[in-house]
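Peer 1: I am attaching a structure below and will ask some questions about it afterwards.
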Amino acid sequence: MKKIKISVLITTFNSQLYIEETVKSILLQNYKNFEVIIVDNNSVDETVNLIKNFKDTRIKIKILDKNYGQTFALNYGLKFCKGDYIARIDSDDLAMPDRLLKQINLMEKENIDLLSTQVHYINSKSKIIGKSNFFKPNKSNFYLLLLSNPIAHPSIMIKKKIILKEKGYNQNYYYWQDIDLWIKLFNNNKVKLIDNRLTKIRIHKNQISKLKLSTIDKNRKMELINLITEHEKSKYLPKKIKVLILLKKEILIFLINKKIKNFFKILVYLVMNIKNIFFNKFFFITININLKNRL
């Protein structure tokens, strides 16, 4: 029996609207030596039944007894991946037919540890509505990930041994587990972003109450503050980028607390670091990329 080369890892939770389309986009790949590992976070809709309707032995579904969140589900799924490479995609996104073939060929040719791509953005009807313009991270600027993440998680392929070496995703992060992992990988591994758009990422309205959205937004900000705090003392962090990251941290704190003292702290920080901030090439790179991504 031929050894599986790629494990496509998907996590689901109440994904009935799009999961069929996502799975079909994987099954129709030009490259055939793969398996699909799906970890369901105890969906209460038709997600699991829709997945089970696929009569393809390459699909393995694991159902959790409750919703543990995506980070737990990802790490749980890694235990069942038999491939040498892990390809990620979210349960509402789509893979281009040649995605796996192009990624595996390039990774093996150039011995790449983590490969990500530019992406298309699609709406709820799968119509393309935009495209990414991510900056290319390298050894000198990868800490900019804390300001603007250029590595789209649903687009990546990574060597399994590399992610297992890091013991998977950090369970301390519910929302930013991907950025935490990318930063750790950059120090000792070959990471590359290519211009091919091999994944379509869906942008659609979230059916969550405004109250819950407000809570999620606050939790995301607090978790990002913790992530910045964890990495801000790294010996690999260039001083120029550190200034921008610390400024972002202060702004996040103010957005949560809405306290005047935090606002004045930002003003003092700006005055003391105005030269390092506004004459910093990374400041303009980040602003430029963010603007282009919104156009």
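Peer 1: Keeping all protein chains in place, calculate the accessible area per residue for the range 1-106 (probe 1.4 angstrom), answer in Å². Kindly include the intermediate steps, with their values, before the conclusion.
Peer 2: Numbers: 4800 Å² over 106 residues.
So the range 1-106 comes to 45 Å² accessible per residue, rounded to a whole number.
Peer 1: What's the extension gain from Lys239 to Lys258 if we count 0.36 nm per residue and subtract their Cα-Cα distance? Numbers along the way, then the final one.
Peer 2: Details: separation 19, 0.36 × 19 = 6.84 nm, distance 2.78 nm.
Length gained between Lys239 and Lys258: 4.1 nm.
Peer 1: Nothing charged except the Cβ atoms of Lys and Arg (+1) and of Asp and Glu (-1): what's the magnitude of the dipole of the chain about its Cα centre? Round to the nearest 20 debye. It would help to have the intermediate numbers written out before the result.
Peer 2: On the way: 54 positive and 25 negative charges, 167 e Å.
That gives a dipole near 800 debye.
Peer 1: What's the Kirkwood radius of the chain in Å, using all Cα pairs? Spell out each step's value before the answer.
Peer 2: Values: mean 1/r = 0.0491 Å⁻¹.
Kirkwood hydrodynamic radius for the chain: 20.4 Å.
Peer 1: Which angle from 0 to 90°, rounded to the nearest 10, does the C-alpha axis of helix 260-272 make with the longest principal axis of the chain?
Peer 2: Tilt of helix 260-272: around 80 degrees.
Peer 1: Between Val39, Val243, Val268, which gets the highest mean-square fluctuation from a Gaussian network model of the chain, Cα cutoff 10 Å?
Peer 2: Answer for the Gaussian network model of the chain: Val268.
Peer 1: Working out 0.36 nm times the residue gap between Lys192 and Lys265, then minus their Cα-Cα distance, what length gain in nm do you get to one decimal? Please report the intermediate quantities before stating the final value.
Peer 2: Details: separation 73, 0.36 × 73 = 26.28 nm, distance 3.73 nm.
Gain on extension, Lys192 to Lys265, equals 22.5 nm.
Peer 1: While we're looking at this one, here's another question. Considering only protein heavy atoms, with the full assembly of protein chains and a 1.4 angstrom probe, order Lys32, Lys125, Lys161 by accessible area, largest first. Mind dumping the intermediate values first?
Peer 2: Values: Lys32 120, Lys125 175, Lys161 140 Å².
Per-residue accessible area, sorted high to low, gives Lys125, Lys161, Lys32.
Peer 1: So for the range 124-192, averaging the separation of alpha carbon pairs under 8 Å that are six or more residues apart and normalising by length, what relative contact order in percent results?
Peer 2: Numbers: 32 pairs, mean separation 26.0, N = 69.
Relative CO of the range 124-192 lands at 38 percent.
Peer 1: Also: In deg cm²/dmol, rounded to 500, what helix-only [θ] at 222 nm does the chain give when every DSSP H run of at least 4 residues adds -39500 (n - 2.57) and the total is split over its residues? Could the numbers behind the result be given before it?
Peer 2: Details: 11 runs with 125 residues, N = 295.
The helix-only estimate for the chain comes to -13000 deg cm²/dmol at 222 nm.
Peer 1: Report the charge-dipole magnitude of the range 1-56 in Debye, nearest 20, computed about the Cα centre from +1 at each Lys and Arg Cβ and -1 at each Asp and Glu Cβ. Could you put the intermediate results ahead of the total?
Peer 2: Numbers: 7 positive and 7 negative charges, 100 e Å.
It works out to roughly 480 debye.
Peer 1: Return the long-range amide H neighbours of Gly130 (sequence gap of 5 or more, or a different chain), with a cut-off of under 5 Å between placed amide H atoms.
Peer 2: So Gly130 has HN proximity to Tyr121.
Peer 1: Looking at the chain, send over the antiparallel percent of its DSSP beta bridges, to the nearest 5.
Peer 2: On the way: 10 of 35 bridges.
Just about 30 percent of them are antiparallel.
Peer 1: Continuing with this model, one more query. List every residue whose amide H lies under 5 Å from the amide H of Ile63, counting only residues 5 or more places away in sequence or on a different chain, with H placed 1.01 Å from N in the peptide plane.
Peer 2: The answer is Asp40.
Peer 1: Running a GNM on the chain with Cα contacts under 10 Å, which residue among Ser155, Ser116, Ser132 ends up with the highest mean-square fluctuation?
Peer 2: Taking springs between Cα atoms under 10 Å, the residue moving most is Ser132.
Peer 1: Restricting attention to the range 52-103, which trypsin sites (Lys or Arg not before Pro) occupy a DSSP loop and are surrounded by at most 10 other Cβ atoms within 10 Å? Don't skip to the answer; put the middle values down first.
Peer 2: Numbers: sites: Lys52, Lys55, Arg58, Lys60, Lys62, Lys66, Lys79, Lys82, Arg88, Arg99, Lys102; in loops: Lys55, Arg58, Lys66, Lys79, Lys82.
Those satisfying the criteria are Lys55, Lys66.
Peer 1: Let me ask something additional. Calculate the spin-label point distance for Leu101 paired with Gln171, positioning each point 7 Å from the Cα along the beta-carbon direction, and give it in nanometres.
Peer 2: So the label points at Gln171 and Leu101 sit 4.1 nm apart.
Peer 1: Which residue fluctuates most in the GNM of the chain (Cα springs below 10 Å): Lys136, Lys24, Lys165?
Peer 2: So, out of Lys136, Lys24, Lys165, the one fluctuating most is Lys165.
Peer 1: Then there is this: Taking the full set of protein chains and a 1.4 angstrom probe, give the accessible area of Val191 in square angstrom, rounded to the nearest 10.
Peer 2: Near enough 30 Å² of accessible area.
Peer 1: What aspartates and glutamates could a cross-link reach from Lys161, if we take a straight Cα to Cα line under 19 Å and drop same-chain neighbours fewer than 8 places away?
Peer 2: Glu35, Asp84, Glu108, Glu110, Asp113, Asp178, Asp180
Peer 1: Taking the Cα centroid of the range 154-191 and of the range 39-87, what is the distance between the two, rounded to the nearest whole Å?
Peer 2: Comparing the Cα centres of the range 154-191 and the range 39-87, I get a distance of 19 Å.
Peer 1: Determine how large the accessible area of His231 is when every protein chain is in place; take a 1.4 Å probe and give Å² rounded to the nearest 10.
Peer 2: Near enough 20 Å² of accessible area.
Peer 1: Work out, step by step, the length gained on full extension between Ile129 and Asn30: first 0.36 nm times the residue separation, then minus their alpha carbon distance; give nm to one decimal.
Peer 2: Values: separation 99, 0.36 × 99 = 35.64 nm, distance 2.51 nm.
Residue separation times 0.36 nm, minus the Cα-Cα distance, leaves 33.1 nm.
Peer 1: Determine how large the accessible area of Met96 is when every protein chain is in place; take a 1.4 Å probe and give Å² rounded to the nearest 10.
Peer 2: Answer for Met96: close to 50 Å² accessible.
Peer 1: For helix 99-110, what angle does its Cα long axis make with the longest principal axis of the chain, in degrees from 0 to 90 and rounded to 10?
Peer 2: 70
Peer 1: Return the FRET efficiency for the residue pair Lys218, Ser148: r is the Cβ-Cβ distance, R0 is 35 Å, and the value is rounded to the nearest 0.05.
Peer 2: 0.95
Peer 1: Describe numerically, in nm with one decimal, the distance between label points set 7 Å from Cα along Cα→Cβ at Lys184 and at Val44.
Peer 2: Computed distance between label sites Lys184 and Val44 equals 3.3 nm.
Peer 1: Calculate what fraction, in whole %, of the accessible area of the range 6-78 sits on carbon and sulfur atoms when a 1.4 Å probe is rolled over the protein chains. Please list the in-between numbers first.
Peer 2: Values: 1600 of 3190 Å².
Carbon-and-sulfur percentage of accessible area, whole number: 50.
Peer 1: Next question, about the same structure. Which percent, to the nearest 5, of DSSP beta bridges fully inside the range 14-165 are antiparallel? Display every interim value, and only then the final one.
Peer 2: Working: 8 of 13 bridges.
For the range 14-165, the DSSP antiparallel bridge percentage is about 60.
The values are calculated or read from the model by the stated rules, or taken from the named source; none is laboratory data. This is a predicted model, so every value here is computed, not measured. In this analysis, Cβ positions are derived from the backbone assuming ideal geometry, glycine residues included, and neighbour counts consider all displayed protein chains. Ligands, DNA and RNA are stripped out before the accessible areas are found, and what is left, the full protein with its side chains, is counted by its heavy atoms. Shrake-Rupley method; radii C 1.70, N 1.55, O 1.52, S 1.80 Å.
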